[in-house]
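Heads up: the structure comes next, in structure tokens.
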Amino acid sequence: MALQSLDIQRRSATTTPQPGARNPVEVAKLIDVTTCIGCKACQVSCSEWNDIRAEVGSNIGVYDNPIDLDAKAWTVMRYSEVEENGKLEWLIRKDGCMHCSDPGCLKSCPSPGAIIQFKNGIVDFHQENCIGCGYCVTGCPFNVPRISKDDGKAYKCSLCSDRVAAGQEPSCVKTCPTGAISFGSKADMKEVAARRIANLKERGYANAGLYDPPGVGGTHVMYVLHHADRPELYAGLPKDPSISPLVGLWKGVAKPLATLALAGVALGSLFHYVVKGPNEISKEIEDEIEKEDAQ
Amino acid sequence: MIRDPKDLQRYTASERANHWVVGICFILLALSGLAFFHPAFFPLSQFFGGPVWARILHPFIGVVLTISFLGLFFRFWKLNRIGAADREWLSRVGEMVNGDDHGMPEQGKYNGGQKVMFWALAVCVLLLFVSGILLWRAYFSFPVDAVRLGAVVHAAAAALMIGFILVHVYAAIWVKGTIRAMWYGTVTRAWAKQHHRGWYRQVTGK
Ligand code: HEM
Ligand code: SF4
């Protein structure tokens with residue numbers, strides 16, 4: 001095992017159990033959108049720590065920069081201007097992998113060990129096993145993974161699995177100057193969120209709440225939202241995300257059943273031959289042809 | 001090379017070559033595709049120099065298959081129109097499978113089963129091509145819902161096509177004297193008279 005302190009929960013395209021003697025605590029990153037000022041320090045720290053930098057794009061008239069996630073931009077701030085209660089609100093959401101408990105990427109991946117879900121909840125891409133098919137992109141309900149144009153591998157936020165393994169918090173958490181990002185056990189983070197939500201409700205945000213969507217089994221990146229009843233306001237954060245039923249169908253029991261059916265056809269053919277014998281030309285017709293030739 | 005000069009020519013050299021190109025592409029596609037289909041088959045990717053190569057090569061081979069299949073399609077579609085005699089044959093296919101073809105209705109160049117196989121494979125190739133393009137992320141980027149649907153269709157059509165081809169190949173092995181039609185293009189008169197009497201009479205004038 002590469003990272004001894006990160007025990008494995010699930011491994012892509014693997015049908016046998018994972019090493020599971022130890023039970024580390026589930027972690028989570030809590031992003032308090034109501035405290036974020038959109039300074040992008042977390043974006044910079046992500047690019048610093050991971051030594052990645054997306055190609056410089058062009059300004060399209062909004063603060064989003066880079067304007068989308070990329071193989072070399074694992075987190076981006078998304079700025080939405082909305083009008084609520086007759087007031088302009090500037091909603092700024094740090095977008096990136098949600099580290100789902102039920103990850104659509106891992107479910108879709110055909111390559112053994114290219115995607116690992118650690119027992120602490122982190123979903124990590126191991127690029128050395130990635131074949132570049134892009135099935136993770138197809139499976140993800142949050143549109144997170146990106147295939148690199150340079151090496152054809154899939155990349156996304158690792159929740160700084162390297163730092164977490166060494167007992168440190170992710171680099172974005174460490175950097176945030178307003179304390180809008182916290183990191184700890186998932187249970188603790190829910191408590192921190194609850195306190196903040198109570199506070200927001202007192203201040204008039206009646207719909208303030210935690211985003212920890214049950215459709216994907218909960219996530220290990222959670223948001224505190226002022227308008228938790230309408231997450232779409234935050235640059236299209238899905239209201240009730242889940243793995244698409246099409247992906248469920250594609251990766252479900254149909255394939256083992258189809259495999260059995262194909263084995264049945266192959267074996268059925270073999271035994272048909274053994275039981276019925278070959279379909280040979282009948283003696284009668286051979287004789288007819290011979291007679292014709294003799295004439 | 002001439003064997004019995006009275007053998008009947010069933011396929012020209014270019015028809016046979018066309019068929020083999022399709023057949024080889026199919027085998028390569030099935031092996032590389034199955035590698036992504038289910039983890040149990042993942043080791044098949046080693047035939048292609050590893051899983052990354054299998055992923056890179058598969059769609060290109062798919063394009064070659066589609067183009068060469070079109071060649072077969074336009075050569076043979078007219079001969080595969082299904083008529084009353086075919087429906088009769090199909091309704092009694094149980095007797096055939098049971099190993100007793102004596103009561104089967106007379107068939108032309110292709111019997112009802114072969115014709116159904118022809119159209120089933122044509123539909124599979126069409127579905128595989130369209131859905132395969134949707135899945136081809138190295139060069140295309142379609143809306144994710146289309147890709148998801150494509151993934152389901154591609155996997156389903158591939159499984160069906162592999163099943164059909166197993167039957168297709170087994171039928172050729174089961175009916176003795178058939179495979180040579182794909183090797184060197186001829187069949188014996190007795191073979192033709194037994195299995196495709198209509199065609200036999202047409203080419204021999206008897
Ligand atoms: C006709 C053109 C075809 C194209 C363009 C195509 C393309 C693709 C692509 C892009 C993938 C995803 C993996 C990858 O990137 O390599 C794939 C998967 C696959 N292909 Fe094809 N393919 C074609 C034909 C076929 C055929 C004829 C078969 C029949 C055996 C086949 C069987 C498969 C299977 C079994 C998979 C895995 C599906 C899954 O993961 O559920 N493909 N194909
Ligand atoms: S957000 Fe997407 S990439 Fe991240 S774990 Fe969930 S499915 Fe995978």
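Every number in this text was worked out from the coordinates using simple rules, so none of it is lab data. Remember, it's a predicted structure, so these values are computed and weren't measured experimentally.
For helix B:144-174, what angle does its Cα long axis make with the longest principal axis of chain B, in degrees from 0 to 90 and rounded to 10?
Result, in degrees: 30.
Taking each full run of DSSP H in chain A as one helix, which ones are at least 20 Å long along their axis (Cα atoms) and have mean Kyte-Doolittle hydropathy of at least 0.5?
Both cut-offs are met by A:254-276.
Of the listed pairs B:LYS6/B:LYS115; A:LYS29/A:LYS190; B:LYS78/B:LYS115; A:LYS87/A:LYS201, which have alpha-carbon separations greater than 19 Å here?
B:LYS6/B:LYS115
Give me the number: length gained by fully extending A:ASN23 to A:ASP240, i.e. 0.36 nm times residue separation minus the C-alpha to C-alpha distance, one decimal in nm.
Result: 75.2 nm gained on full extension.
Distance between Cα centroids, region A:123-138 to region B:1-38: provide it in whole Å.
If we compute the Cα centre of each part, the gap is 35 Å.
What would the Debye equation give as log₁₀ I(q)/I(0) for chain A at q = 0.11, 0.14, 0.16 Å⁻¹, counting only Cα atoms as equal point scatterers?
For chain A at q = 0.11, 0.14, 0.16 Å⁻¹, log10 I(q)/I(0) is -0.70, -1.07, -1.34.
Using a 10 angstrom cutoff on alpha carbons, build the Gaussian network for chain A and name the most mobile of A:SER47, A:SER148, A:SER282.
Between A:SER47, A:SER148, A:SER282, it is A:SER282 that shows the largest mean-square fluctuation.
Between region A:83-115 and region B:75-143, how many Å separate their Cα centres?
Using only Cα atoms to place each centre, the spacing works out to 45 Å.
Restricting to bridges with both residues inside region A:8-242, how much of the DSSP beta-bridge set is antiparallel, in percent to the nearest 5?
Of the beta bridges lying entirely in region A:8-242, close to 85 percent run antiparallel.
Taking springs between alpha-carbon atoms closer than 10 angstrom, which of A:ALA208, A:ALA193, A:ALA166 fluctuates most in the Gaussian network model of chain A?
Of A:ALA208, A:ALA193, A:ALA166, the most mobile in the Gaussian network model is A:ALA166.
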